[in-house]
Amino acid sequence: MNLPAQLNRRTEDYQRADAAHHIHGFVDQKALNAEGPRVMVRGEGLYLWDSEGKRYLDGMSGLWCTQLGYGRRDLTAAAAAQMDQLAYYNMFFHTTHPAVIELSELLFSLLPGHYSHVIYTNSGSEANEVLIRTVRRYWQVVGQPQKKIMIGRWNGYHGSTLAASALGGMKFMHEMGGMIPDVAHIDEPYWYAHGGELTPAEFGRRCALQLEEKILELGAENVAGFIAEPFQGAGGMIFPPESYWPEIQRICRQYDVLLCADEVIGGFGRTGEWFAHQHFGFEPDTLSIAKGLTSGYLPMGGLVLSERIAEALVEQGGVFAHGLTYSGHPVAAAVALANLKALRDEGIVRQVKNDTGPYLQSLLHEVFGNHPMVGEIQGAGLLGALQFVEDKATRKRFDNENDLAWQCRTFGFEEGVIIRSTLGRMIMAPALVATRAELDELVDKTRIAVDRTARIAGKL
Ligand code: PXG
């Protein structure tokens, strides 16, 4: 392996220095320091190599973001060319630049026609921060300044900054560092866990009607928007019942509440459609984007606005008092442009929809449909979730489902596959360039990890 000089240190060396200087996300740092993190040093296609030379099939596209996989020379070339040409300039004080303009032209050619404008950010969290300010500003401009409240969902995830985590519904995040005012939550449409005796369709409608109840409780004249992921990602890759989104859309329209889709995970081909709201068949007013926009090669996110919102802001809004130094960063924009071109021109999104997506879904059902440990399989395109269950008839989950799923993830690493665990669900979201053979390997190694877990749980 031909590695840069700084990558030739010993694993323990890196681990010691890592422990000395880092606080990692979402982990008990003391426990991690004792164990030592894996040190990833190289990526090519769907594969990663660690500092011990062990190879992994990355079943999670990094953190749901490397749509094109690792090592794409066209993306690195686009970044290098842009750095040579114009490494940095901004969109402040009456300036702009070609990279960001060309990116936006391509982006809107891929989006449904009623979206027209975008505000770029560096991340998904920032996109959702901007969302709150933009939605509130919109209502000010159209003469309803009291419409301020954002409604999100328990167990939703919209990022880690203060306002983004407030929109999200991870209570353990709210407890660390507080909340912001004018945010409310409704339940998540997670039928397997919370559906009880209701059919999925009944439960989906019931969850959607909670939005109506919450709007009436708060007063429709005070509610600015409802934000949700089309399917929950970090919360466990949870697909709502089919009855859910049409009812949510009806309620938002009826009470003039903006429907804000967080497409940070679902966007850019993940479900086989360019955007996940298209898969579920609803029409949001705003889209938060990030991750797959650049295939993760550089940080970039954004908030996409419908014509209705953009027109009000542009025609009647005056100065929009917001801006980030790196909004529309030229190098990130050049990489995003090359990335979207590849996803379109190489027919990758089409391939996920027509070939590899259906292939993965049928493979998951074939392999896990009758597995004693798996109570539900959800997914679309190159997304899959396996719900662990103790008793299929009653949908009773294991008391220690979190530990079992984490153990399964660890078995996966041992087998050379990276899958993610959330509560009692195992999640996969491989790069969109995955071949059928790579999907075979992903599911095969996942099955070994699930079987090993089933043995500990007394299910095999
Ligand atoms: N919205 C959604 C739906 C996300 O999944 C964000 C916003 C925030 O994006 P940034 O770029 O600020 O991280 C996310 C991020 C996981 C995991 O383990 C998921 C995310 C981040 C880290 C871990 O599933 N999603």
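The values are calculated or read from the model by the stated rules, or taken from the named source; none is laboratory data. The shown structure was predicted, so the numbers you read here are calculated from the model rather than taken from an experiment. Cβ atoms come from the backbone with ideal geometry, glycine included; neighbour counts cover every protein chain shown.
Tell me yes or no: at least one residue of the stretch 375-396 is small (G, A, S) and assigned to a helix (DSSP H, G or I). No.
In this structure, E242 does satisfy being away from the ligand (no atom under 15 Å from the Cβ), within 30 Å of N402 (Cα to Cα) and not small (G, A, S). Would it be correct to say that G357 is under 30 Å from L198 (Cβ atoms) and either among the acidic types (D, E) or modelled with pLDDT of 95 or more (or both)? Criteria met by G357.
Considering each residue of the stretch 347-354 in turn, none proves to be touching a strand residue (DSSP E or B) at 6+ places or on another chain (Cβ under 7 Å) and assigned to a helix (DSSP H, G or I).
Can you tell me which residues in the stretch 11-49 are farther than 20 Å from E414 by Cα, charged (D, E, K, R) and outside any loop (DSSP other than H, G, I, E, B)? D13, R16, D18, K30, listed by residue number. Looking across L198, L287, L209, one residue alone is in a helix (DSSP H, G or I), in the same structural domain as H117 (by TED's automatic domain parsing), of a type outside the set (D, E) and in contact with a helix residue (DSSP H, G or I) (Cβ under 9 Å, 6 or more places away or on another chain). It is L209.
Looking across the stretch 419-452, the residues that are buried (at least 18 other Cβ atoms within 10 Å of the Cβ), away from the ligand (no atom under 16 Å from the Cβ) and either among the small types (G, A, S) or not assigned by TED's automatic domain parsing to the domain that holds D58 (or both) come down to A434, A449. Restricting attention to the stretch 353-371, the residues being surrounded by 14 or more Cβ atoms within 10 Å (Cβ to Cβ) and more than 16 Å from G272 (Cα to Cα) number 5. Restricting the first member to the stretch 49-78 and to residues that are in contact (Cβ under 8 Å) with a residue 40 or more places away in the chain and closer than 18 Å to G269 by Cα, and the second to residues that are acidic (D, E) and within 13 Å of the ligand (Cβ to nearest atom), no beta-carbon pair is closer than 7 Å while six or more apart or on different chains.
Only one entry of I227, I248 meets the criterion of being more than 30 Å from R42 (Cα to Cα), in a strand (DSSP E or B) and of a type in the set (V, I, T), and that entry is I227. Exactly one residue out of L63, L57 is under 22 Å from E229 (Cβ atoms) and in the same structural domain as A449 (by TED's automatic domain parsing), and it is L63.
Residue-level analysis places D28 outside the set of residues that are modelled with pLDDT of 95 or more, within 16 Å of the ligand (Cβ to nearest atom) and in contact with a strand residue (DSSP E or B) (Cβ under 7 Å, 6 or more places away or on another chain). Is one or more of the residues making up the stretch 279-287 more than 27 Å from R447 (Cα to Cα), among the aliphatic types (A, V, I, L, M) and crowded, with 24+ Cβ neighbours inside 10 Å? Yes, the stretch 279-287 contains a residue that is more than 27 Å from R447 (Cα to Cα), among the aliphatic types (A, V, I, L, M) and crowded, with 24+ Cβ neighbours inside 10 Å. Annotation note: Cβ proximity below 8 Å between a residue of the stretch 430-447 that is under 10 Å from L382 (Cβ atoms) and a residue that is of a type in the set (D, E, K, R) (sequence gap 6+ or interchain) occurs for P430/D58; P430/E438; A431/D58; L432/R270.
Within the stretch 42-75, being more than 18 Å from I419 (Cβ to Cβ) and surrounded by fewer than 19 Cβ atoms within 10 Å (Cβ to Cβ) holds for R42, E44, E52, G53, G71, R73, D74. Within the stretch 251-266, being in contact with an Asp or Glu (Cβ under 7 Å, 6 or more places away or on another chain) and either part of a strand (DSSP E or B) or not hydrophobic (A, V, I, L, M, F, W, C) (or both) holds for L258, L259, C260, D262, G266.
Counted as qualifying within the stretch 73-189 are the strands (runs of 3 or more DSSP E) with 2 or more residues that are closer than 26 Å to L209 by Cβ and within 18 Å of the chain's Cα centre (by Cα), namely 149-153.
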